[in-house]
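Worksheet for the structure shown next.
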Amino acid sequence: MDSLKNAAADVVESGWYIRGHFCERFERAFADFCGVKYAVGVGNGLDALSLMLRASMELGRLHEGDEILVPANTYIATVLAVSAVGLKPVLVEPAENSYDMDPKLLERAVGARTRGILVVHLYGRLCAMDEICEFASSHGLLLFEDCAQAHGARLKDGRKAGSFGFAAAFSFYPTKNLGALGDAGIVLTNDESVANMVRALGNYGSERKYVNKFKGVNSRLDEIQAAMLLAKLPDLESSNERRREIAARYCSEIKNAKVLLPEIPQTASEHVWHVFVIRLKSEESRNALQTFLKERSIETLIHYPIPPHLQEAYAHEFSGDYRIAESMAKTILSIPMSPVLTDEEVSEVIGAINEF
Ligand SMILES: *Cc1c(COP(=O)(O)O)cnc(C)c1O
């Protein structure tokens, strides 16, 4: 708390609030943390997604109407970003064990106009990156990552979320594993031209003041939020570790035949448990457990109750069969997960679920 107050005071005293040293320092620190060359701070996660895609279009790597494979089971922002820039999202069903895009279904989803894959490391779990990277390169597809839920998730060899593809987008919405005190986002890439393009597009399409090369937008990471993130970044690893501890307790101590627990990946660090999602056998049973926990003052959420293709915003746009995503939406439940949960609180959650 004090470190945040001090950081905010530093910004106030500096008298410089946009495109300054805090943003530069955080971009460098976060790029280094993720093992990527370039980082460009932007206004939020949705902008990070759409600006990395638009930058790829301005650079001639993608063209209007190109198809991008995205998971059917994701937060709406992933799909919105693709359609907002004039690309066509093609939904791929999740795997039952991971909730992430099923790599076995990619082949069938690729068409003549498919040019990219946008993976989402949903709930904080890295997608099957070896398989997906291999698939993308053998099919000549650009690989993008939505890392909004996966800050710090990494493979055994140290490669982290955000370092696998052509570009990656992060959100620092306050509830994310690394959260600002307001809206913030970042684009990571190893390609300098992508970084420069994202920076120009997010600053009115301008590389030089008052010279507008592109029809850009205003989406920048301001100094206050950058200072907050810079102060919080050193705690990310330990707070992810605490999340893993809680997840391990849930997985070993929840014992109820009605409840399906998530799989812990082979390397524990592949998962940063942005949320802890359990599954029940039916919608009725899920709703009953949610009510049962609520009566015991245990708040739960559903990530997400309506999959993107069933949202009114996308009525009639997706004609495929997405029954796995639909059945997940009806049967999943996110139980309390936060690095500030105490051991007793975790025990209470476990006790209540076992009693159900
Ligand atoms: C939070 C989130 C976003 C959007 O981030 P904002 O900063 O809220 O715009 C995008 N994708 C996923 C998977 C998210 O969880």
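The values are calculated or read from the model by the stated rules, or taken from the named source; none is laboratory data. A quick note: this is a predicted structure, and the numbers were derived from the prediction, not measured. Here Cβ is always computed from backbone atoms with ideal geometry, including for glycine, and neighbour counts include all displayed protein chains. What goes into the accessible areas is simple: the full protein's heavy atoms, side chains included, and nothing from ligands, DNA or RNA. Shrake-Rupley method; radii C 1.70, N 1.55, O 1.52, S 1.80 Å.
Given the pairs 176/232; 5/37; 37/156; 37/160; 176/258; 5/232, which are separated by over 18 angstrom at their Cα positions?
From 176/232; 5/37; 37/156; 37/160; 176/258; 5/232, over 18 Å: 5/37; 37/156; 176/258.
Could you check which residue among 69, 293, 46 shows the biggest mean-square fluctuation in a GNM of the chain with a 10 Å Cα cutoff?
293
Build a GNM of the chain with springs between Cα atoms under 10 Å: which of 188, 261, 122 gets the top mean-square fluctuation?
Most flexible of the set in this elastic network: 261.
Identify the residues of segment 249-266 with backbone N under 18 Å of a label point that sits 7 angstrom from the Cα of residue 131 along the Cα-to-Cβ direction, or state none.
Within reach of a label on residue 131: 262-266.
Tell me which of 77, 110, 123 sits at the most positive position along the dipole axis of the chain, charges placed on C-beta atoms (Lys, Arg +1; Asp, Glu -1).
Of the candidates, 110 comes out farthest on the positive side.
So if R0 is 25 Å, what FRET efficiency would residue 319 and residue 108 give, r being the distance between their Cβ atoms, rounded to the nearest 0.05?
Between residue 319 and residue 108 the formula returns 0.95.
Hey, if you put +1 on the Cβ of every Lys and Arg and -1 on every Asp and Glu Cβ in segment 198-356, which of 320, 337, 273 ends up farthest toward the positive end of that dipole?
So the residue furthest toward the plus end is 320.
Tally Lys and Arg at +1 and Asp and Glu at -1 over the other residues with C-beta under 9 Å from the C-beta of residue 18: what net charge comes out?
Taking every other residue near residue 18 into account, the sum is 0.
Could you work out what % of the accessible surface of segment 270-356 is carbon and sulfur, using a 1.4 angstrom probe and leaving DNA, RNA and ligands out of the count?
For segment 270-356, the apolar C and S fraction of the accessible surface comes to 51 percent.
Note down the magnitude of the dipole of segment 230-352 about its Cα centre, charges +1 on Lys and Arg C-beta and -1 on Asp and Glu C-beta and zero elsewhere, to the nearest 20 debye.
280
What residues have an amide H closer than 5 Å to that of residue 120, excluding those fewer than 5 places away on the same chain, when H is modeled at 1.01 Å from N in the peptide plane?
101, 146
Under the rule a/c < 1.5 gives rounded, and otherwise a/b versus b/c splits prolate from oblate, where does segment 125-222 land using the Cα gyration tensor?
Verdict is oblate for segment 125-222.
Top mean-square fluctuation among 68, 117, 306, Gaussian network model of the chain, C-alpha springs under 10 Å?
Between 68, 117, 306, it is 306 that shows the largest mean-square fluctuation.
Which net charge results for the neighbourhood of residue 49, defined as the other residues with beta-carbon distances under 11 angstrom from its beta-carbon, given Lys and Arg at +1 and Asp and Glu at -1?
-2
Using only the Cα atoms of the chain, each taken as one equal point scatterer with no solvent, compute I(q) by the Debye sum, divide by I(0), and report log10 of the ratio at q = 0.08, 0.11, 0.12 Å⁻¹.
Result of the Debye calculation: -0.39, -0.75, -0.88.
Does segment 8-76 come out rounded, prolate or oblate, given a ≥ b ≥ c as the square roots of the eigenvalues of its C-alpha gyration tensor, rounded meaning a/c under 1.5 and, failing that, prolate meaning a/b above b/c?
Here segment 8-76 falls in the prolate category.
Give, rounded to the nearest 20 debye, the magnitude of the charge dipole that segment 27-88 has about its Cα centre when Lys and Arg contribute +1 at Cβ and Asp and Glu contribute -1 at Cβ.
Here the size comes out at about 80 debye.
How high is the relative contact order of segment 61-185? Use alpha-carbon pairs under 8 Å, at least six apart in sequence, and give a whole percent.
Answer for segment 61-185 is 19 percent.
How much of the accessible area of segment 1-139, probe 1.4 Å, is carbon plus sulfur, in whole percent?
For segment 1-139, the apolar C and S fraction of the accessible surface comes to 53 percent.
All other residues with a Cβ under 15 Å from the Cβ of residue 110 taken together, and with Lys, Arg as +1 and Asp, Glu as -1, what is their net charge?
-2
So, for the chain, what is the accessible surface per residue at a probe of 1.4 Å, expressed in square angstrom?
Result: 45 Å² per residue.
Report, in debye and to the nearest 20, how large the dipole of the chain comes out about its Cα centre when Lys and Arg carry +1 and Asp and Glu carry -1 on their Cβ.
Magnitude of the dipole: close to 560 debye.
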